[in-house]
Ligand SMILES: Cc1ncc(COP(=O)(O)O)c(C=O)c1O
């Protein structure tokens with residue numbers, strides 16, 4: 001079956017954000033009497049109608065378990081599920097669809113690698129290298145691995161602007177390094193990391209590379225072969241798809257060598273009480289009934305993104321970020337945290353004399369949804385010597401008009417607190 | 001009243017700008033550290049309680065947090081000075097009812113506690129309830145002589 005047609009095909013040139021917005025029913029919501037301005041896209045993105053329709057269609061017409069029944073409906077569900085794998089392969093430019101493993105999200109994908117890769121390749125005295133600006137989900141699984149194996153964590157620092165110090169990275173990544181794991185885009189600061197340079201440094205020392213693409217995959221075009229990484233992870237819900245579905249890309253050379261992580265149905269070939277043999281990848285890593293509906297929704301989300309065009313989305317978001325940054329710089333007493341040269345659509349900041357939570361509550365009264373807190377990146381926040389930040393993160397449906405409303409509301413917050 | 005104005009009443013903004021009894025007592029008889037892992041708010045409470053009469057002679061707080069949590073702690077320290085420990089426990093319950101249940105207990109109608117009613121607006125903001133209750137929970141831990149850091153708990 002072909003993909004359902006998009007409700008709003010974008011114009012051939014330019015980017016018609018008003019038409020894009022019509023695809024997202026939730027954007028018609030009002031909050032405290034104001035139209036919703038959703039600026040928490042780094043936490044999760046809203047869903048276009050085509051994704052919602054895909055979920056409804058799956059449960060209305062196609063629901064059955066996969067890889068099991070000989071009956072038509074099960075075959076259809078299996079087809080949908082494998083179609084999703086192929087859609088992800090194309091989207092990430094992987095070599096084969098066997099390299100695509102479906103999991104719950106980026107977090108589960110990192111945990112799988114930390115466990116499976118850790119069990120096979122990490123020993124006492126080895127080193128796992130991270131950066132100072134990782135999300136907790138790219139810290140804690142490695143800490144747990146270190147506790148189990150006796151390996152050691154090493155951290156690449158960032159400078160005041162939020163950029164990775166590559167000179168120090170080159171000193172830290174060494175012969176004991178087994179894995180270098182870093183985000184593609186930092187969720188707390190918006191920094192786009194020098195992934196190519198970090199990957200070369202790691203590979204030169206024979207270490208593997210995991211890139212946490214949770215914040216990148218819906219904002220910049222990802223080509224895992226060009227990146228040359230060993231693992232790449234992302235979450236469907238941050239890519240305009242459903243929650244509960246995420247992706248691990250594992251380069252083919254690892255598929256055989258990595259042991260399974262969880263055991264159960266679907267991941268086996270034969271089971272006897274004295275011996276079990278495992279299925280080959282990707283099934284080996286997908287124990288139990290998967291999130292089939294989520295996979296269908298993800299297919300729809302990826303098609304949506306591809307139809308709009310990643311480069312046009314990136315261009316639009318970059319415009320918004322530049323505009324918002326310039327307007328924010330005009331505000332007195334507002335300090336932007338994270339000012340690296342290469343940034344994705346994340347604007348983290350603090351308002352002098354006003355705690356981030358108060359900023360968040362006050363903006364919410366104007367219908368503006370932002371995140372206030374540590375953004376699951378406590379070490380990052382500590383690095384900048386603030387207790388928390390406010391974060392506005394932009395998506396493909398945000399507008400300049402929304403940036404204006406956000407900046408004007410922010411100016412009122414300061415007025416209220418300081419006068 | 002506009003819910004925003006009832007949350008950020010002038011008295012709250014004032015206590016946030018100029019927290020009362022800010023700092024810590026050394027030595028002290030009672031001490032507890034409160035932490036809200038969700039938002040990172042921290043409060044350290046130190047008290048000197050009289051040996052004989054079990055009265056709170058001195059109290060101080062320090063830490064970081066939003067206007068609601070700072071003002072709540074500051075208002076609390078003002079209300080507690082020279083209060084018998086047993087009365088302080090009663091006050092914790094009354095403030096709980098005010099913030100969590102949204103009722104105004106009779107105790108808070110008394111002149112010396114009336115200012116605490118400025119915290120009533122928090123009830124309308126479920127996401128902020130923990131900010132307002134952190135100091136009070138920490139107080140309970142200090143009076144119970146719990147030495148461990150406590151985490152803010154929605155049950156208060
Ligand atoms: C950089 C980064 N990595 C990992 C994650 C975890 O994603 P999930 O919670 O969907 O597993 C997030 C989500 O906030 C993130 O921003």
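Each value in this text was obtained by applying a stated rule to the coordinates, not by laboratory testing. All values reported here derive from a predicted model rather than from experimental measurement. Note that we place each Cβ from the backbone using ideal geometry, even for glycine, and neighbour counts take in every protein chain shown.
Between the Cα long axis of helix B:129-143 and the first principal axis of chain B there is an angle of about 10°, rounded to the nearest 10. Taken residue by residue and averaged, Cβ atoms of other chains lying within 10 Å of the Cβ of B:58-65 number 1. Any idea what the relative contact order of chain A is, in percent, if you count C-alpha pairs under 8 Å spaced at least 6 apart? Averaging sequence separation for qualifying contacts and normalising by length gives 22 percent for chain A. Once you reduce the range A:157-215 and the range B:46-111 to the center of their Cα atoms, the two points are 49 Å from each other. Legend: ranking of residues A:239, A:416, A:328 from fewest to most surrounding C-beta atoms inside 10 Å; resulting order A:416, A:328, A:239.
With contacts taken as Cα pairs under 8 Å at a separation of at least 6 residues, the range A:325-409 carries a relative contact order of 29 percent. Between the helical axis of B:85-96 and the longest alpha-carbon principal axis of chain B there is an angle of about 20 degrees.
The reciprocal of the average 1/r between distinct C-alpha atoms defines the Kirkwood hydrodynamic radius, which for chain A equals 22.4 Å. With a 10 Å cut-off around each Cβ of A:356-369, the average count of Cβ atoms from other chains is 4.
Please quote Rg/Rh for the range A:218-298 to two decimal places, taking the Kirkwood radius as Rh and restricting both calculations to Cα atoms. Ratio of gyration radius to Kirkwood radius for the range A:218-298: 1.03. Taking each residue as 0.36 nm, the span from residue A:256 to residue A:369 lengthens on full extension beyond its C-alpha to C-alpha distance by 36.2 nm.
Between A:65, A:41, A:138, the GNM of chain A built on Cα springs shorter than 10 angstrom shows A:65 fluctuating the most.
Angle of helix B:67-80 to the longest C-alpha principal axis of chain B, folded into 0 to 90 degrees and rounded to 10: 50°.
Residue A:121 versus residue A:148, label points 7 Å from Cα toward the beta carbon: distance in nm? Inter-label distance under the simple model: 1.5 nm. Using only alpha-carbon positions in the range A:274-419, the gyration tensor eigenvalues give semi-axes of 38, 21, 15 Å once each is multiplied by 5 and square-rooted (largest first). By other beta-carbon atoms within 10 Å, ranking B:81, B:140 with the fewest at the front produces B:81, B:140.
Per residue, the convex hull spanned by the Cα atoms of the range A:11-111 measures out at 183 cubic angstrom.
Chain B has equivalent-ellipsoid semi-axes of 23, 17, 14 Å, by the square roots of 5 times the alpha carbon gyration tensor eigenvalues, sorted largest first. First measure r as the distance between the Cβ atoms of residue B:11 and residue A:200, then evaluate 1/(1 + (r/R0)^6) with R0 = 60 Å and state the FRET efficiency to the nearest 0.05. Once the sixth-power term is evaluated, E becomes 0.55. Taking 0.36 nm per residue of sequence separation and removing the Cα-Cα distance, the residue A:65/residue A:159 pair yields an extension gain of 28.9 nm. If you take the Cα centroid of the range B:11-27 and the Cα centroid of the range A:323-340, the two points sit 30 Å apart. Calculated [222 nm] ellipticity per residue, helices only, for chain A: -11500 deg cm²/dmol; basis is -39500 (n - 2.57) per DSSP H run with n ≥ 4, divided by all residues, nearest 500. Take A:293-306, A:178-191, B:35-48 and order them by the average number of nearby Cβ atoms within 10 Å per residue, most first; the result is A:178-191, A:293-306, B:35-48. Compared with the alpha-carbon gap, the fully stretched path from residue A:83 to residue A:342 is longer by 89.8 nm at 0.36 nm per residue.
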